[in-house]
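Worksheet: the structure to be examined is printed underneath.
Every number here is computed from the coordinates shown, using simple stated rules; none is lab data. No experiment lies behind these values; they were computed from the predicted model shown. Using ideal geometry, Cβ is built from the backbone for each residue, glycine included, and neighbour counts are taken over all protein chains shown.
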Amino acid sequence: MKFNESILSSLAGIFIFAAITGCNEQPVESAKPRVIISSDIGGTDPDDFQSMIHLLMYSDRIELEGLVSSPFGDGRKEDFIDMIDIYEKDYNQLLSHAPELPTPNSLRAITKQGQKDAAPFKGYTTPTEGSEWIITCAKKKSEQPLWVLVWGGIEDLAQALHDAPEIKENIKVYWIGGPNKKWSINAYSYIAEHHPDLWMIEANATYRGWFMDNESPDELKGDAYYENYIQDRGELGKDFIKYYDGNIKMGDTPSLVYLMNGDPNDPTGESWGGSFEKIDRSSRNVFIGGSTVQDTVAAYSTIEWRFEGPELSVPEDSVVFNIEVQNQTWPGYYLGNGTYGVKYSSKKPEHGSYKTSSSIPEIDGLVGAYMSTIPWPGKATADDYQLGPNWYSDRQNPALYIEDQQGAKTISKYRKEFLMDWAKRWKWLEK
């Protein structure tokens, strides 16, 4: 009997250890996808809150190893914590239907603060709690890859790759680009230039099929889904109305459901999270001295303007001017040897213009224009970033567009299927 008690005591110790080690080595391998979410929740777009509610309700389907607060905007780690607090109020009721849902405390323990600002011109700065957590989880011994789902700026992933490039062998990335790429272009261009062998899904437009709903049944359009399936269901349902008045957007959710439907190791296959094609280059256009309306670039490409001016006694990558593009402002940098530079990426096809402002006369008041067109990645140029064999992006087939959104129909055709699956979980919260 003493011998058996000793064995039981040892086993209990092992299980307790496994439960608290987080991203450290664990003795039991899970068949669920291992996931870190990097999100700009609380930033410029409230749709991340909608996606977070969906994530929490489906968190039994994945092994969630991290929640990282990333740029752009004022979002912080506390925004994750606030959503976990709401989840906690519904937790017991959800648990009776999905017993493998993670506890609120376990989620709080893996919530980390990432970079708060966009990266400078070079694309990285210093480590953050979030970037170091990505490295820790990526280095965990596992036969499964770590899926890094990026819902906002890609700064923390860029920092992690800079600090520990060997983690590329262990991770797969699904990034909701488009507007996030616009604000995170410095970090993105660093990754494309220095880590082209990364396994990456770059969804610049495909994700829009989640909420472009003109062809949806009436009961799923606009706020009808909220009224029919979410309203008056739990604390999470009460919170959902705060974002877009209950209208479904959730533009980041395709990255999660990509792991729940279809074969995630084959981005070219069918999935609720979209279908993609390989690309061997990332479009980039470098304009020395500026660009004009005659200059055409691919939408979502890296536009890099370089200007000549006086040599300065300031560190390279210092912000010394601003550039206004489409009524929004970006910092411009001193690159050394009298060269000044700034990067931009259009989130859609557009006729754009820019104007610089600076206390340096030679850099002040410079104006120009450009035209961005589809499809991405567009016409090849000598400036393009050459990519490795595992980089995927939006399908170029015109039959898969919704309006000018490339590849969006690869998601929208499953709209009824994935929303009705979610409706079953909302029913769990009925009183």
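Values for this structure:
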quantity	calculated
Gain on full stretching of the segment that runs from Asn397 to Glu430 - 0.36 nm per residue minus C-alpha separation	7.6 nm
Farthest positive-ward along the chain dipole, Cα basis, beta-carbon charges - from Gly269, Gln113, Val150	Gly269
GNM result for the chain, Cα springs below 10 Å: residue of Gly341, Gly289, Gly177 fluctuating most strongly	Gly289
Loop GluC sites (Glu not before Pro), segment 213-268 (other Cβ atoms within 10 Å of the site Cβ: 16 or fewer; DSSP)	Glu215
Simple spin-label estimate for Lys278 and Ile241 in nanometres, 7 Å along Cα-Cβ	5.1 nm
Rounded to whole Å, sorted largest first: equivalent-ellipsoid semi-axes of segment 284-384, Cα gyration tensor	24, 14, 11
Integer Hz, Karplus 6.51/-1.76/1.60 couplings in order for segment 153-170, x for Gly and Pro	x, 9, 4, 5, 5, 4, 5, 4, 5, 5, 7, 9, x, 5, 5, 3, 5, 10
Amide H partners (placed H, <5 Å) of Lys139, local residues excluded	none
Amide H within-cut-off set for Leu146, under 5 Å, with H built and near neighbours excluded	Ile171, Lys172
GNM flexibility winner over the chain from Asp48, Asp117, Asp218 (Cα, springs under 10 Å)	Asp218
Sparse-neighbour loop sites [GluC sites (Glu not before Pro); segment 311-392; at most 10 other C-beta within 10 Å; DSSP]	Glu311
Burial ordering of Asp213, Asp266, fewest other beta-carbon atoms within 10 Å first	Asp266, Asp213
Most mobile listed residue (Gln144, Gln386, Gln294) in the chain, GNM with C-alpha springs under 10 Å	Gln294
Entry for semi-axes √(5λ) of the Cα gyration tensor in Å (calculated from the structure that is shown) out of (i) 86, 28, 20; (ii) 39, 26, 20; (iii) 45, 23, 19	(ii)
Extension gain, Val293 back to Lys122 (0.36 nm per residue minus Cα-Cα distance, nm)	58.8 nm
Part-to-part distance (alpha-carbon centres) for segment 50-69 and segment 118-138, which is given in Å	21 Å
Neighbour net charge for Glu417 - beta-carbon separation under 13 angstrom, K R +1, D E -1	+2
Candidate aspartates and glutamates for bridging to Lys424, where Cα separation is under 20 Å - those fewer than 8 sequence places away on the same chain excluded	Asp60, Glu88, Asp90, Glu100, Asp218, Glu219, Asp223, Glu227, Asp232, Glu235, Asp239
Too-long pairs where the Cα-Cα distance tops 28 Å, listed order kept, from Lys32/Lys249; Lys139/Lys427; Lys77/Lys168; Lys347/Lys379; Lys168/Lys343; Lys182/Lys249	Lys139/Lys427
Dipole of the chain, positive direction: furthest Cα of Ser313, Thr302, Pro196, with charges on the beta-carbon	Pro196
Calculated FRET efficiency for the pair Arg108/Lys32, C-beta based, R₀ 25 Å, to 0.05	0.80
DSSP-loop trypsin sites (Lys or Arg not before Pro) across segment 141-201, with at most 11 other Cβ within 10 angstrom	Lys141
Inter-probe distance in nm under a simple model that places probes 7 Å from Cα toward Cβ, at Glu324 and Asp266	5.2 nm
Simple label model, 7 Å out from Cα along Cβ direction - Glu308 to Glu219, nm	6.8 nm
Computed magnitude of the charge dipole of the chain (debye, nearest 20; Cβ of K, R +1, Cβ of D, E -1)	560 debye
Neighbourhood net charge (15 Å Cβ-Cβ; Lys/Arg +1, Asp/Glu -1) for Tyr344	+3
Relative contact order %, segment 363-415, counting alpha carbon pairs below 8 Å whose residues are six or more apart	24 percent
